[in-house]
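Quick notes on the structure that follows.
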Amino acid sequence: MPSAKGSVPGRHNEHHTVFYGLSTCVWCKRARQFLEDQEIEFDYIYVDLLSGRELEEVMSWVRRWNPGVSFPTLVVDSSRCVVGYKPEQIKEALGL
């Protein structure tokens with residue numbers, strides 16, 4: 001089982017990228033694998049592995065970007081959001 005939070009290094013580190021997902025979600029796994037395959041540096045948070053105050057805080061942040069609170073949710077530079085596994089939109093958001 002993955003850890004609840006962490007960072008993945010990559011050669012594309014021009015943007016601050018945060019991946020919010022669920023550890024059991026197939027679309028989240030595909031989105032994360034896409035980021036890794038593209039060698040994107042990113043932080044990740046598996047929301048379903050959090051609890052208590054930390055979960056509340058993260059869910060509040062996700063709701064600001066994605067009111068439907070669906071996963072995966074990818075936030076780039078705290079200014080752009082891609083909801084779902086959408087490789088072309090992810091590439092565009094990251095300038096790839």
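The values are calculated or read from the model by the stated rules, or taken from the named source; none is laboratory data. Keep in mind it's a predicted model, so treat the numbers as computed, not measured. Heads up, the Cβs are rebuilt from the backbone with ideal geometry, glycines too, and the neighbour counts pull from every protein chain shown.
General remarks:
- Among the criteria (1) touching a residue at least 12 places away in the same chain (Cβ under 8 Å); (2) exposed (fewer than 12 other Cβ atoms within 10 Å of the Cβ), the one Phe42 does not fulfil is (2).
- Residues satisfying the stated conditions in region 39-85, i.e. touching a helix residue (DSSP H, G or I) at 6+ places or on another chain (Cβ under 6 Å) and of a type in the set (Ser, Thr, Tyr): Thr73, Tyr85
- Tallying residues that are modelled with pLDDT of 95 or more, part of a loop (DSSP other than H, G, I, E, B) and not hydrophobic (A, V, I, L, M, F, W, C) within region 44-76 yields 1.
- Top-ranked residue of region 77-90 - restricted to ones that are of a type outside the set (S, T, N, Q) and part of a helix (DSSP H, G or I), ranked as surrounded by the fewest Cβ atoms within 10 Å (Cβ to Cβ): Glu88
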